Amino acid sequence: MLRLCIILYISTMTMTMSLTSCKNQELTNSINWHIAGELPPMLGQNKAPGLAGPVTGVSNNALLIAGGANFPDSLPWMGGRKKYYSEGFVFIKNEADSLQFITNFTLPDTIAYAAPVSTSYGIVIAGGENKNGTTAKVYLAQWVADSVLFKPLANLPIPLANAGITTTGNKVYLVGGENSDAASAGFYVLDISREGNQWQPLPSYPHAVSHAVVTALESGDAGIYVMGGRKKNPNGISNLYNDAWRFDFKKQQWEPLASLPYTLCAGTGAAYGNNAIYLFGGDRGETFHKTEELIAAIRLATNEAQKEELTRAKNILQESHPGFSHEILVYHPSDNSWSVAGQLPFDTPVTTTAIVWGNNVIIPSGEIRAGVRTAQILMGKR
């Protein structure tokens with residue numbers, strides 16, 4: 001009897017300690033969020049509808065948000081056409097952690113779903129797409145003397161949209177992406193410290209992927225980190241991933257990490273805080289997969305009545321889209337583990353890029369439900 005009591009006591013204490021540890025970890029990593037600003041309306045708009053796939057980044061202590069795409073007239077399943085933009089907005093940060101819009105600018109091209117990353121040289125903008133398809137163009141955007149300047153960089157080896165990009169030192173690293181042909185497993189590096197440098201190939205990612213979170217750690221467990229993502233297949237049904245990998249600079253190879261708790265794509269993330277990587281929301285794929293399956297079935301339907309029934313089911317599914325995951329996941333390289341750091345208290349945007357700006361993390365605009373964007377700019381702080 002005494003032995004049983006001791007076993008029960010130890011088991012209860014272990015469970016209590018485990019739960020307390022998880023709770024403490026969540027509190028330690030939690031972020032306080034607020035709406036720091038909104039995109040201003042463009043010419044002819046009463047209210048900004050928001051943008052998916054905007055170019056975002058910080059240059060000389062100014063936040064730039066530009067390009068992107070939306071459906072300004074009606075939702076896509078109601079016949080709305082996607083519109084791509086070149087307009088841009090410049091914000092500065094006030095002492096009260098709010099954003100002040102100060103001026104407009106224009107990108108060299110209309111572009112959305114590019115891979116942008118903030119560097120000490122400016123914001124590198126790689127690839128993307130517009131109504132003409134995907135592009136291989138890369139350029140540097142710099143906020144200098146109250147204006148935005150652009151400098152062309154070496155083109156990508158192939159046109160790509162929805163790739164992941166990150167930076168360490170003078171180098172930027174690009175992983176995956178997709179074009180009209182297929183998703184890519186390519187992994188490339190560009191040294192932006194010298195003019196004329198070209199993208200150099202590195203060992204390919206373990207599988208083709210787009211819409212993944214890509215970030216880097218420069219100290220401790222240094223390397224390039226890639227998490228989640230998806231790959232569209234020829235049959236129209238995508239693979240969604242929950243795997244995570246690190247490219248080891250010293251070994252020059254990819255190493256597997258602990259998997260995410262669930263499949264996740266199109267979210268955003270950043271190395272933030274003390275040697276940790278945060279993933280902010282994302283699409284777990286339940287509604288996305290059902291929509292893809294219905295679209296594939298519509299293509300295979302043999303009569304109009306069947307097509308109409310399937311199309312109606314697809315439209316209802318998209319109209320009732322519940323939004324995306326609010327959960328914030330944290331990866332801890334020190335022990336190769338995941339934890340949860342609360343939830344985003346607002347509609348969670350996907351297809352946008354999180355930016356670490358001083359002590360803050362910024363999530364600008366993005367898609368919050370199928371076909372619906374937000375103009376809000378979220379700001380978080382630990």
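Where a number appears in this text, it was derived from the coordinates with a stated rule and is not lab data. Note that the coordinates shown come from a computational prediction; the quantities given were computed from them, not determined experimentally. When we count neighbours, we look across all protein chains shown, and the Cβ atoms used for this are built from the backbone with ideal geometry, even at glycine.
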Could you give the spread of the C-alpha atoms of region 221-352 along their three principal axes, from largest to smallest, in whole angstroms?
58, 36, 21
Which of His211, His326 has the fewest other C-beta atoms within 10 Å, and how do the rest follow up to the most?
His326, His211
Taking the Cβ of each residue in Ser365, Ser325 as the centre, tally the other Cβ atoms inside 10 Å and list the residues starting with the fewest.
Ser325, Ser365
Between region 77-134 and region 315-340, what's the alpha-carbon centroid distance in Å?
24 Å
Lys250 paired with His289, simple spin-label distance in nm, labels 7 Å along Cα-to-beta-carbon:
3.9 nm
Ser30-Leu75 pseudo-label distance in nm [points 7 Å out on the Cα-to-Cβ vector]:
3.4 nm
Toy charge model, Lys and Arg Cβ at +1, Asp and Glu Cβ at -1: the chain dipole around Cα centroid in debye, rounded to 20, equals 160 debye
Largest first and rounded to whole Å, the semi-axes √(5λ) derived from the alpha carbon gyration tensor of region 187-244 read 26, 17, 8
Neighbouring Cβ atoms within 10 Å as the yardstick, rank Leu329, Leu107 fewest first.
Leu107, Leu329
The rounded separation in angstrom of the Cα centers of region 170-193 and region 345-382 is 24 Å
Taking the highest mean first, how do the peptides 134-140, 29-35 order by number of other beta carbon atoms within 10 angstrom per residue?
134-140, 29-35
Send over the per residue convex hull volume for region 107-170, Cα only, as a whole number of Å³.
84 Å³
What ranking, highest mean first, results for peptides 277-283, 45-51 when packing means the other Cβ atoms within 10 Å averaged over each residue?
277-283, 45-51
